[in-house]
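The values are calculated or read from the model by the stated rules, or taken from the named source; none is laboratory data. Quick caveat: nothing in here was measured; it's all calculated off a predicted structure. Backbone-built Cβ (ideal geometry, glycine too); neighbour counts: all protein chains shown. Each accessible area value is taken on the protein alone, full model and side chains, heavy atoms only, with ligands, DNA and RNA left out. Shrake-Rupley method; radii C 1.70, N 1.55, O 1.52, S 1.80 Å.
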Amino acid sequence: VQLVESGGGLVQPGRSLTLSCAASGFTFNSFAMSWYRQVPGQEREFVATITSGVGTFKHYADSVKGRFTISRDNNKDTVYLQMNNLKPEDTAVYYCHALIDMEYWGRGTLVTVSS
């Protein structure tokens, strides 16, 4: 199993950024996918999750609800995180996550929100 995040970078407050996570090594469309984030020195926290199958269900952390949107493209084995109206407190390393036979994590992509 491999999860490879991309799309991080430096962005000004109020702007948008889209993260991608390319998955391989498992049947992507059969499993829920999630995004987490971590600030150095703090615990990793849940950001968003999207279920598999028809009629996907999405769930968000309160801190990002209304600003972030998780989506998936099962033809590309990729999950996305569209982040709008970014705030300095969104600065973190963002990780892709899948729970299959065990938990799998990508290496993360750094998002820095600063003017």
task = Taking 7 Å along the Cα-to-C-beta vector as the label spot, tell me the Gln82-Lys65 distance in nanometres, rounded to one decimal.
result = 2.0
key: Hull-based mean projected area of segment 10-55, where the convex hull spans the alpha carbons, in square nanometres   = 5.2
note = For the Phe57, Ala22 Cβ pair and Förster radius 22 Å, calculated FRET efficiency rounded to 0.05 is 0.50
inquiry  = Suppose a student asked you for the relative contact order of the chain, using Cα pairs under 8 Å spaced at least 6 residues apart; what percent would you report?
reply    = 37
ask   = With θ set to phi - 60° and the Karplus curve 6.51 cos²θ - 1.76 cosθ + 1.60, what are the ³J(HN,Hα) couplings of segment 67-78 in order, to the nearest whole Hz, using x for Gly and Pro?
value = 10, 9, 9, 9, 8, 9, 10, 6, 6, 10, 6, 9
message = If packing is taken as the average number of other Cβ atoms within 10 Å across a peptide's residues, how do 29-41, 3-15 rank, most packed first?
response = 29-41, 3-15
inquiry  = What are the ³J(HN,Hα) couplings of segment 14-21, residue after residue, when phi is run through the Karplus curve with 6.51, -1.76, 1.60 and θ = phi - 60°? Round to Hz, x for glycine and proline.
reply    = x, 8, 10, 7, 10, 9, 10, 9
message = Over 5 Å intervals from 0, what percent of Cα-Cα pairs in the chain sits in each interval?
response = 2, 13, 24, 26, 19, 10, 5, 1, 0
query = Could you give me the ³J(HN,Hα) list for segment 103-115, computed from phi with Karplus coefficients 6.51, -1.76, 1.60 and θ = phi - 60°, whole Hz, x at Gly and Pro?
reply = 7, 10, 10, x, 7, x, 9, 7, 10, 10, 10, 7, 8
request  = Obtain the nm distance between the two label points defined at Glu43 and Arg107 by a simple spin-label model: each point lies 7 Å from its Cα along the Cα-to-C-beta direction.
outcome  = 2.8
key: Residues whose placed amide H lies under 5 Å from that of Thr18, excluding near-sequence neighbours   = Met83
request  = Specify which residue in the list Tyr94, Ser63, Gly53 is farthest towards the positive end of the charge dipole of the chain, using unit charges on the beta carbon of Lys, Arg (+1) and Asp, Glu (-1), about the Cα centre.
outcome  = Ser63
task = Using DSSP to define loop residues, name the chymotrypsin sites (Phe, Trp or Tyr not before Pro) in segment 44-115 whose beta-carbon has at most 12 other beta-carbon atoms within 10 Å.
result = Phe57
key: Carbon and sulfur %, accessible surface of the chain computed with the full protein complex present, 1.4 Å   = 48
